[in-house]
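The values are calculated or read from the model by the stated rules, or taken from the named source; none is laboratory data. Please read all numbers here as calculations on a predicted model, not as lab measurements. FYI the Cβ positions are ideal-geometry reconstructions off the backbone, even for glycines, and counts take in every protein chain you see.
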Amino acid sequence: MMIMDRLEHDFGRILSGPDIRRHVVGRRVSANRLDADGIPIAPADDSPLTTRLREELLLQAQTRLPITYARLAESMVGSEATGVIRGALEQLMDDDADEGLPLLAAVAVKSLDPGLPAPWFFRKAKDIGLFVGDPVDLEAYAFHAREFYRAIHLHAGNGQGSGATLPPVLPPASR
């Protein structure tokens, strides 16, 4: 077995099972918030999940490839319940915007084809003053490509980036 395959296997084994789910997710999420499709959204104050999600996205950024919400949820909580991680992704977006950092949540996408995050990602980015446009139009592709590139650039080389200058981003007016 190749080293990377072995690491992925060991990492997947470590992150599976009821013990890690209990530590990562904590108590069960109540369906008190629903997204536009009626899928429950985890509360944003679930800090162990948010912390673990940031770690997972940082590892993914180092691969320089996006990850789907379903695969991310599977690795985090052992199911494809993407609503469980949505609240934590939104919290990460708030945290990154407050710090003037690239949106690490851009590493996660709805599906690899066409490779864009879900519409809620763009609504959230709009709410925090980082995105203007239609979530299914050219502006969405450009915004996501820029944030994905910025996140990869910052995190893929142990924080060193590739030496190139990050695309400029104006800070949100409301922050």
- Do the conditions hold for Leu58, that is, is it touching a His at 6+ places or on another chain (Cβ under 9 Å) and part of a helix (DSSP H, G or I)? yes
- Item | Boolean, Leu89 is hydrophobic (A, V, I, L, M, F, W, C) and in contact with a strand residue (DSSP E or B) (Cβ under 7 Å, 6 or more places away or on another chain) | yes
- Per the list (1) over 20 Å from Ile85 (Cα atoms); (2) free of Cβ contacts under 8 Å to residues at least 40 places away in the same chain; (3) not charged (D, E, K, R), residue check on Gly129 breaks on (2)
- Flagged in segment 86-142 as of a type in the set (Phe, Trp, Tyr) and touching an Asp or Glu at 6+ places or on another chain (Cβ under 7 Å), in numbering order, are Trp120
- Do you know which residues across segment 111-151 are in contact with a strand residue (DSSP E or B) (Cβ under 7 Å, 6 or more places away or on another chain) and either at positive phi or surrounded by fewer than 18 Cβ atoms within 10 Å (Cβ to Cβ) (or both)? Ser111, Leu112, Gly115
- Message: Take Ala70 and tell me if it is modelled with pLDDT of 95 or more, within 27 Å of Asp137 (Cα to Cα) and either among the aromatic types (Phe, Trp, Tyr) or part of a helix (DSSP H, G or I) (or both).
- Response: no
